[in-house]
1. Quick one: which of Ser121, Ser181, Ser185, Ser194 is under 29 Å from Val342 (Cβ atoms), surrounded by fewer than 21 Cβ atoms within 10 Å (Cβ to Cβ) and at pLDDT below 95?
2. Quick test of your reading of the structure: Leu111 fulfils all but one of (1) in a helix (DSSP H, G or I); (2) surrounded by fewer than 22 Cβ atoms within 10 Å (Cβ to Cβ); (3) not small (Gly, Ala, Ser). Name the failing condition by number.
3. Regarding segment 17-29, can at least one residue be identified that is under 25 Å from Asp236 (Cα atoms), assigned to a strand (DSSP E or B) and in contact (Cβ under 8 Å) with a residue 12 or more places away in the chain?
4. In this structure, is Trp300 out of contact with any strand residue (DSSP E or B) (no Cβ under 6 Å at 6 or more places or on another chain), under 13 Å from Val334 (Cα atoms) and at pLDDT 95 or above?
5. Filtering segment 216-256 down to residues that are over 26 Å from the mean Cα position of the chain (by Cα) and small (Gly, Ala, Ser), which residue is modelled with the highest pLDDT?
6. Would you pick out the residues in segment 250-275 that are more than 21 Å from Cys82 (Cα to Cα) and either surrounded by 13 or more Cβ atoms within 10 Å (Cβ to Cβ) or in the same structural domain as Asn114 (by TED's automatic domain parsing) (or both)?
7. Quick one: which residue in Leu176, Leu143, Leu172 is under 30 Å from Leu330 (Cα atoms) and surrounded by 17 or more Cβ atoms within 10 Å (Cβ to Cβ)?
8. On the given criteria, is Glu303 among the charged types (D, E, K, R), touching a Gly at 6+ places or on another chain (Cβ under 6 Å) and farther than 30 Å from Leu250 by Cβ?
Amino acid sequence: MHDIQTIKINLPGGIVSPGSLREILTVAHNAKVRHVHFGSRGQLIFRVNGEKVRFLERDLKIKQIRYELNADQYPNIVTSYCAEEVFRTGLWLHESEYHTVLDGFDYVPKLKINISDANQSFTPFFTGNLNFIASPEPHFWYLYVRPKQSNALFRWRDLIYTNDVARIAYALEQVLLDPQSTGQSEAELYREISRNNSFITQPAVQEVELPDFTLPYYEGFNRYGQRSWLGLYRRDEQFPIPFLLDVCELCLETRVGEICTTPWKSLIVKGIEEKDRPEWSRILSRHNINVRHAANELAWQTEDHNAEGVDLKKYILRYFEKHDTRTFGLCFGVQTRDKSEVFGSILIRKRPTVKLGKLELLPVYDLYFTENYNPNSRRYFPYEKGLMKNHLPNQLDRLCRKFNASRQTPKAAPIQAAEKTADCAQHEQYQCPHCFTIYDERYGDERAEIAPGQSFASLPDEYLCPTCDAAKSEFVKQETGEVMA
């Protein structure tokens, strides 16, 4: 059996021209690749037999296509451009402003950068290290900074001018990735950046106001104005290359200039003229591409190129369909790997109960939900821990019902949604900042032979995180009942 290599190609802002995408797909197809996958940060990802990698890399370099092989050093820029026009119309933020910002990046960022319209909820706001959010003031942006491998999120003191977004991102990256700058306070970081650079700014006098989360139905043909847009979703997250090549050809023939990827691992094609609708339908029929899946199936985030997460999603959805579970207003994240990041108002985290070196055995699942069930919140609360897979769908159904009940009481305290956490105020909790595992003195740590009732302070200095082996000194004390993610 040949070894398999992973190729990742960033599509900046989640935007790609049909001609550029056709070039990438042709190179991949020549290397005997038959399917590609779109990542949650707008990447095109595919796997290739090891024996074909040398020829594939040669062709990518000839075409001057930037790529990464078995790496993710450059996590791409995410924008809400895919939602522009089709889900909302910005007060001042339009296609030209997005392109102005993206054109300013004359370097490839190593930090996660999000560029978002404040009036949409289709793309996440705070999953980046540098999160730019359009302010009510035309051409100025809020900036929320989250240092790498940290959950500390703070607002920059100033609004940033559109033409300076890339410049301040570069300046911050140089500082935040400098090992000698680790641990800088917000004030120190602000002073260092302001001392060494000059930007056009305005004072940011208040926090950004974000909308309540609603996930628009993003699949199928949908009319807007005199034209239509087409949303393409694949149940297994794999898009056949022959189908995508036909999509590119039709875009070029009908003068559709861009294809957008979304954080939901789908595609959106805007600007389809009414006269061209029949030809788009013929392409879908030719490749047996289904549209109009159930809305609850579209509200899931899984890790990139992770069949296990996709299979778990399908397993839970079968239960939801059988029991007619209402999931409107919720989205779900599935995390099966340490230190990966997914977006969701309800989070499912897999962890082993036994680790023998790199071997992980007897998996269980922990359930968390965000503050007010808003997936843009960085605050997660525990609901159930240590669930076996066969118990997971039922507990998720219960959590969905609690969410629906909470909608009857405006702004109900989120901690009340989980009966199991109602007494958290009397107990200290410490959390690993890397994998988010909680040490709760009520339960101790059975794997480390630590009995319930033992405080975190009394644990030996050699204590390690049971999930990722982080040192005790790295754990962070949490506020009452609060879990950060």
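1. Details: Ser121 fails: surrounded by fewer than 21 Cβ atoms within 10 Å (Cβ to Cβ); Ser185 fails: under 29 Å from Val342 (Cβ atoms); Ser194 fails: under 29 Å from Val342 (Cβ atoms).
Within the list Ser121, Ser181, Ser185, Ser194, the selection yields Ser181.
2. For Leu111, the failing item is (1).
3. Restricting attention to segment 17-29, the residues satisfying the condition of being under 25 Å from Asp236 (Cα atoms) are 17-18, 20-29.
Checking the rest, the ones that are also assigned to a strand (DSSP E or B) come to none.
No, that holds for no residue.
4. Numbers: out of contact with any strand residue (DSSP E or B) (no Cβ under 6 Å at 6 or more places or on another chain): no; under 13 Å from Val334 (Cα atoms): yes; at pLDDT 95 or above: yes.
No.
5. Ser228
6. Residues of segment 250-275 that are more than 21 Å from Cys82 (Cα to Cα), as a first pass: 253, 275.
Correct list: empty.
7. Working: Leu176 fails: under 30 Å from Leu330 (Cα atoms); Leu172 fails: under 30 Å from Leu330 (Cα atoms).
Of the residues listed, the single one that is under 30 Å from Leu330 (Cα atoms) and surrounded by 17 or more Cβ atoms within 10 Å (Cβ to Cβ) is Leu143.
8. On the way: among the charged types (D, E, K, R): yes; touching a Gly at 6+ places or on another chain (Cβ under 6 Å): yes; farther than 30 Å from Leu250 by Cβ: yes.
The answer is yes for Glu303.
The values are calculated or read from the model by the stated rules, or taken from the named source; none is laboratory data. What you see is a predicted model; the values in this text were computed from it and never measured. Quick reminder, even Gly has a Cβ in these numbers, built from the backbone with ideal geometry, and neighbours come from all protein chains shown.
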